[in-house]
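The values are calculated or read from the model by the stated rules, or taken from the named source; none is laboratory data. Note that the structure is a prediction, hence the values are computed from the model and not measured. Please note: Cβ atoms are built from the backbone with ideal geometry, for glycine as well, and neighbour counts cover all protein chains shown. Surface accessibility is based on the protein's heavy atoms, side chains included, excluding ligands, DNA and RNA. Shrake-Rupley method; radii C 1.70, N 1.55, O 1.52, S 1.80 Å.
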Amino acid sequence: MKKFRKIALIAVAVIIGIWNIASADNIKLTGAGATFPYPLYAKMFSVYHNNYGIQVNYQAIGSGGGIRQVKAKTVDFGASDAFLNNKELKMFSHPVVHVPITAGAVVVTYNLPFVKELKLTPEIIADIFLGKIKKWNNDKIQAINPGIKLPKTGIFVVHRSDGSGTTFIFSDYLSKVSPVWASNVGRGKALSWPCGLGAKGNPGVAGLVNQTPGAIGYVELIYAIQNNMKYASIRNRSGNYIKPSLTSVKEAAKIKLPDDMRVSLTNTNSKTGYPISGFTWIIVYKDLANGGLSFKKAKAVINMLWWMTHDGQRYCEPLNYVPLSNNARIKAEKIIKSVTYKGKTLIGKKDVAR
Amino acid sequence: MLQDKIFKKLIFTCGLLIILLGIAIFITVLIGSIPSIKAFGFHFLSSKQWNPVSDEFGALPFIIGTLITSILAILISIPFSLSVALLLGEFFQEGILNEILSSTIDLLAGIPSVIYGFWGLVVLVPIIRNIEMKCGIPPYGVGILTASIVLAIMIIPYTASIAREVIRLTPPEIKEAGYSLGGTRLDIVRKVIFPNSRSGIIAGILLGFGRAIGETMAVTMVIGNSNTLPKDLFSPANTMASVIANEFTEATTNIHLSSLIQIGMWLFVITFLVNLLGSIIIEKTEIKGGLNG
């Protein structure tokens, strides 16, 4: 028995040794952050590993955690569902850039057994989540839904209890369309909610809405599609009622975008765009040397970002993520090209070709 | 001899390490909450405003939520855990019923809390919702009462197993003396067993209380997660452990993070005090049992 243990120990030591030597030359990248794009990133990184031999270890610990890890320089890149505002940017030791990878949307889901299609205006959504509209047969809701007999049941608001990018996009939208919301509640990943119940994660909100007749809540578009949930069409800025879909969210990004891509797509100007949507970003230091990366790693990160915003985009739609629109991709390219290592650009013509 | 010495040193070091670890955890939590302590002071414990958008934080709703759900859970669980303890410690000290009941109780203690939460959500919540609809209360289904019932079931094994041990410790001589005076079985339970094992039962209840205070997952799933002061037993609320679990991952501002850590610190302090009280009482029981036997 003792002998066997010794042999086993030596074997383990040898295997670890060989493994270390074998992988010494391989570059491994680590990233951490948002949970929303995790299924997409997992797919992308797995394909990337198969194609280019570079292993990417992504930990979906939440956007806040991802940002903190970038700040602490413990990861090679971070990922976030909300862009950093100017105040937050100042807390970094060196400048960082935001590279958009995909877009997501938030849908308003409801539990009204006999109502198949529901239209909502921004004002109504704000009033419901502020607790001002309390019954489904409210005149305002009935007026824009002629032909549907709305029940007189109470409206039960369900929101996320955990801090999340979904809440950020939703509250960002409400802050833009409702001055009362902007001054009383505001935008953030976690809020001081005026009314309603909190549930953890998309599954929590969906579960509570499905259980409670008369409930209304918000979940990610992907989650709603995958679970065949009912969701409302929402009037956008141009006055059109838009049903959320991959197409209408992609349309939402067809607006004039800023160069740093720190932009919210909510309440979009696009005529056919769904109004509650937003990008999700990968965040890296503008000069990767400042993030504590080696030159090899820096090169690998840039190649990975380029691949994700180009070839990698084809994995978006099968997983119900919204691919970058052309104008967004062009901006993303510029941002990736602007990333340097000790002042030197990292991306050459050769890399761009692939 | 040398072996003995080494062995003694080894276990001593390990024991000491655990104590140091406990202290180190507290110090870490304390350091983490300094920014929040500086910003809010004791106002943190009395303010009911929890607003991550405007960076104003007060923990009162969570403290109240934690205390109400835990105390209610204890009250609900006491009749059941005492009955179980009496069955196992007095009525069926051996035999097949004892086997079945005690393994069921052990099983209850071993179920992961997320399973309790899930059960609460799919079974208990609709029942409570129906009751609420009949009473004309907003039919949320989730809320303080639901959370307390789930918690009560979770802590029964803890209270019951300690109470069973002390009930079993009741010296047979006193019980026989009671019977010879013409006492019924109920008399013996009320006037001999309970007074004799009172402190042990209280210790068991306190241990259950400590467990209820720190429970996170099951509570989050059924309490409604509303960061406001609860109005009645049916209203949604939130607890200290639950708000930490909910908001920790996405807390971006330092003060938000620090405030969550400060809640953790108070949770640490409360749990420590409850456990301390429990172990002091257990110690007393042991001495008493020895004297009587």
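Please indicate, with yes or no, whether at least one residue in region B:14-30 is under 19 Å from B:Trp266 (Cβ atoms), open to solvent by 40 Å² or more (accessible area, probe 1.4 Å) and not hydrophobic (A, V, I, L, M, F, W, C). Yes: region B:14-30 contains one or more residues that are under 19 Å from B:Trp266 (Cβ atoms), open to solvent by 40 Å² or more (accessible area, probe 1.4 Å) and not hydrophobic (A, V, I, L, M, F, W, C). When region A:210-233 is filtered for residues that are open to solvent by less than 30 Å² (accessible area, probe 1.4 Å), farther than 24 Å from A:Leu319 by Cα and either part of a loop (DSSP other than H, G, I, E, B) or away from chain B (no Cβ under 14 Å) (or both), the ones remaining, listed by number, are A:Thr212, A:Gly214.
Pairs are defined by a Cβ separation below 6 Å, a sequence spacing of at least 6 or placement on different chains, a first member in region B:219-238 that is within 17 Å of A:Gly163 (Cβ to Cβ) and more than 12 Å from chain A (Cβ to nearest Cβ), and a second member that is among the aliphatic types (A, V, I, L, M) and crowded, with 20+ Cβ neighbours inside 10 Å; no pair meets this definition. Checking each residue in region B:164-198 for being among the hydroxyl-bearing types (Ser, Thr, Tyr) and over 22 Å from B:Asn98 (Cα atoms) picks out B:Tyr179, B:Ser180, B:Thr184.
Among residues belonging to region B:31-58 that are of a type in the set (Phe, Trp, Tyr) and not in a strand (DSSP E or B), point out the one that is least open to solvent (accessible area, probe 1.4 Å). Step through it out loud before you land on a result.
The first filter runs over region B:31-58 and keeps only residues of a type in the set (Phe, Trp, Tyr), leaving B:40, B:42, B:44, B:50, B:57.
From what is left, the residues that are not in a strand (DSSP E or B) are B:40, B:42, B:44.
On the way: B:Phe40: 39, B:Phe42: 163, B:Phe44: 0 Å².
Among them, the one singled out is B:Phe44.
Among the residues of region A:295-336, those identified as in contact (Cβ under 8 Å) with a residue 60 or more places away in the chain and not in a helix (DSSP H, G or I) are A:Cys316, A:Asn320, A:Tyr321, A:Val322, A:Pro323, A:Leu324, A:Ser325.
Sort through B:Gly143, B:Gly120, B:Gly136 and tell me the only one that's at pLDDT 90 or above and at positive phi. Step through it out loud before you land on a result.
Numbers: B:Gly120 fails: at positive phi; B:Gly136 fails: at pLDDT 90 or above.
The match here is B:Gly143.
Checking each residue in region B:102-127 for being within 14 Å of another protein chain (Cβ to nearest Cβ), open to solvent by less than 80 Å² (accessible area, probe 1.4 Å) and touching a residue at least 40 places away in the same chain (Cβ under 8 Å) picks out B:Ser113, B:Val114, B:Gly117, B:Gly120, B:Leu121, B:Leu124, B:Val125. Conditions first: (1) part of a loop (DSSP other than H, G, I, E, B); (2) within 13 Å of another protein chain (Cβ to nearest Cβ); (3) over 17 Å from A:Ile276 (Cα atoms). A:Lys189 passes all but one, so which condition is the exception? Going through the list (1) part of a loop (DSSP other than H, G, I, E, B); (2) within 13 Å of another protein chain (Cβ to nearest Cβ); (3) over 17 Å from A:Ile276 (Cα atoms), A:Lys189 breaks only (3).
Checking the condition touching a helix residue (DSSP H, G or I) at 6+ places or on another chain (Cβ under 6 Å), on the phi < 0 side of the Ramachandran plot and within 14 Å of chain B (Cβ to nearest Cβ), which residue from A:Ala182, A:Ala253 passes? Being touching a helix residue (DSSP H, G or I) at 6+ places or on another chain (Cβ under 6 Å), on the phi < 0 side of the Ramachandran plot and within 14 Å of chain B (Cβ to nearest Cβ) holds for just one of A:Ala182, A:Ala253, which is A:Ala182.
Return yes or no: is A:Val99 farther than 23 Å from A:Ser178 by Cβ, open to solvent by less than 10 Å² (accessible area, probe 1.4 Å) and in contact (Cβ under 8 Å) with a residue 12 or more places away in the chain? Spell out how you get there, then give the answer.
Working: farther than 23 Å from A:Ser178 by Cβ: yes; open to solvent by less than 10 Å² (accessible area, probe 1.4 Å): yes; in contact (Cβ under 8 Å) with a residue 12 or more places away in the chain: yes.
Considered against the rule, which asks whether it is farther than 23 Å from A:Ser178 by Cβ, open to solvent by less than 10 Å² (accessible area, probe 1.4 Å) and in contact (Cβ under 8 Å) with a residue 12 or more places away in the chain, A:Val99 comes out as yes.
Go through the residues of region A:184-198 one by one and say whether even a single one is hydroxyl-bearing (Ser, Thr, Tyr) and more than 18 Å from A:Asn111 (Cβ to Cβ). Within region A:184-198 (the criterion being hydroxyl-bearing (Ser, Thr, Tyr) and more than 18 Å from A:Asn111 (Cβ to Cβ)), the answer is yes, since at least one residue qualifies. Counting only residues that are aromatic (Phe, Trp, Tyr) and over 26 Å from the mean Cα position of the chain (by Cα), region B:156-203 holds 1 of them.
Residues to consider are A:Gly207, A:Gly291, A:Gly196; find the one that is on the phi > 0 side of the Ramachandran plot and surrounded by 20 or more Cβ atoms within 10 Å (Cβ to Cβ).
Working: A:Gly207 fails: on the phi > 0 side of the Ramachandran plot; A:Gly291 fails: on the phi > 0 side of the Ramachandran plot.
Only one candidate passes the filter, namely A:Gly196.
Entry remark, region A:152-184: residues being farther than 16 Å from B:Ala251 by Cα, in contact with a strand residue (DSSP E or B) (Cβ under 9 Å, 6 or more places away or on another chain) and of a type outside the set (Ser, Thr, Tyr) number 9 in total.
Of the candidates A:Ile133, A:Ile148, the single residue that is more than 30 Å from A:Trp281 (Cα to Cα) and open to solvent by less than 40 Å² (accessible area, probe 1.4 Å) is A:Ile133.
Taken over region A:326-346, residues that are at pLDDT 90 or above and open to solvent by less than 20 Å² (accessible area, probe 1.4 Å) amount to 5. B:Ile137 fulfils the conditions (1) of a type in the set (Val, Ile, Thr); (2) surrounded by fewer than 24 Cβ atoms within 10 Å (Cβ to Cβ); (3) part of a helix (DSSP H, G or I) except for a single criterion, (3). Annotation note: Cβ proximity below 9 Å between a residue of region B:5-22 that is free of Cβ contacts under 8 Å to residues at least 40 places away in the same chain and a residue that is surrounded by 10 or more Cβ atoms within 10 Å (Cβ to Cβ) (sequence gap 6+ or interchain) occurs for B:Gly22/B:Phe272.
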